[in-house]
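One structure is given here, and the rest of the page talks about it.
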Amino acid sequence: MRKILVVGAGQSGLQLALGLQSHGYEVTLMSNRTADEIRYGRVMSTQCMFHTALQHERDLGLNFWESQAPRMTGIGLSVSGPGAERLVDWVGRLDGYAQSVDQRVKMAGWLDTFAQRGGQLVVHGAAVSDLDYFARVYDLVLVAAGKGELVSLFARDAARSPFTRPQRSLAAAYVHGLEPRPEHPDHEVARC
């Protein structure tokens, strides 16, 4: 059996580790935080998973919160003018519904599942100096981390984006009990 190390326990790293594990590989997952540190930590990012990404989770049997999370069937945008009128107001339907689960809940839950299924979790911030050891111990090392020292080995590909820094500022609010807007009663949408 091949021994595989996945460095990074975010959306990509965890799906990769759990997918390889389900195919019988001996997988070690390296995270810089424990499940409880993630679960009770700060909000990691805002995210909304659309149909294709949700289907990947379903295919791996990782859609633990699908029946509980609200389903967004569309996206809308409104822009108000100087008075009460709306200068822009549109709603579009999605091909398949989208959902959002707090990543602290999702990542911690997937880490717990990985360990329950027999995976080895190593809580350690991977460094460049670890690579020689990783190469001796594992048949394959996959880096799925988004930040940290090891990620600095992978230079930004300027051909893929003209931007050198993130082009957004994010804010998140987790709410319960919202109703559809009166002007769009048949849409369960994420609106801005």
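Note on exposure: V27, V137, V43 ranked by accessible area (1.4 Å probe, complete protein assembly) read V43, V137, V27, with the most exposed listed first. Taking 8 Å as the Cα distance limit and 6 or more residues as the minimum spacing, I'd like the relative contact order of the chain as a percentage. Rounded, it is 33 percent for the chain.
Rounded to whole numbers, the Karplus 3J(HN,Hα) couplings from phi for region 180-192 are x, 5, x, 6, 9, x, 9, 10, 9, 10, 8, 10, 10 Hz, using 6.51 cos²θ - 1.76 cosθ + 1.60 with θ = phi - 60°, and x at Gly and Pro.
Surface composition of region 1-91: carbon and sulfur atoms hold 54% of the protein heavy-atom accessible area at a 1.4 Å probe. Using heavy atoms of the protein chains and a probe of 1.4 Å, the accessible area assigned to L178 is about 140 Å². Once each of the trypsin sites (Lys or Arg not before Pro) sitting in a DSSP loop with at most 13 other beta-carbon atoms within 10 Å is removed, the chain keeps 72-116 as its longest stretch. Rounded to 0.05, the FRET efficiency of the A158 and E179 pair, given R0 = 41 Å and the Cβ-Cβ distance, is 0.35.
The charge dipole of region 99-157, taken about its Cα centre with unit charges on the Cβ of Lys, Arg, Asp and Glu (plus for the first two, minus for the last two), comes to roughly 180 debye. The P(r) of region 49-123 has a tail past 13 Å containing 75 percent of all C-alpha pairs. Which one, Q99, A145, L18, is farthest towards the positive end of the dipole of the chain when Lys and Arg carry +1 and Asp and Glu -1 on their Cβ? Comparing the listed Cα positions along the dipole, A145 ranks first. A Förster distance of 22 Å, applied to the separation of the beta-carbon atoms of T46 and E66, puts the FRET efficiency at 0.70. If you sort W65, W90, W110 by accessible surface, 1.4 Å probe, largest first, the order is W90, W65, W110.
In sequence order, region 71-85 has phi-based couplings of 9, 9, 9, x, 9, x, 9, 10, 10, 8, x, x, x, 8, 6 Hz under the Karplus curve 6.51 cos²θ - 1.76 cosθ + 1.60, θ = phi - 60°, and Gly or Pro positions carry x. Could you let me know the centre-to-centre spacing of region 66-90 and region 124-192, using Cα atoms, in angstrom? One Cα centre to the other: 25 Å. About its Cα centre, the dipole of the chain is roughly 360 debye, where the only charges are +1 on Lys and Arg Cβ and -1 on Asp and Glu Cβ.
Stokes-Einstein diffusion for region 1-113, with the hydrodynamic radius set to the Kirkwood value over Cα pairs and evaluated at 37 °C in a medium of 0.692 mPa s, equals 202 µm²/s. Scaled against the 2.2 N^0.38 Å expected of a compact globular protein of N residues, the Cα radius of gyration of the chain reads 1.24.
Along the chain, the longest continuous region that contains none of the GluC sites (Glu not before Pro) in a DSSP loop with at most 13 other C-beta atoms within 10 Å is 1-84. Distance distribution note for region 79-143: the fraction of Cα pairs above 17 angstrom is 70%. Shown are F134, F154, F50, whose ranking by accessible area with a 1.4 Å probe and every protein chain present, most to least, is F154, F50, F134. When the helices of the chain are scored as -39500 (n - 2.57) per DSSP H run of n ≥ 4 and the total is divided over every residue, the value at 222 nm lands at -7000 deg cm²/dmol. For the chain, modelled as a GNM whose springs connect Cα atoms under 10 angstrom apart, the maximal fluctuation among Q15, Q116, Q55 occurs at Q116.
The values are calculated or read from the model by the stated rules, or taken from the named source; none is laboratory data. Remember, it's a predicted structure, so these values are computed and weren't measured experimentally. Don't worry about glycine lacking a Cβ; one is built from the backbone with ideal geometry, like all the others, and counts go over all protein chains shown. Note: areas computed on protein heavy atoms with side chains; ligands, DNA, RNA excluded. Shrake-Rupley method; radii C 1.70, N 1.55, O 1.52, S 1.80 Å.
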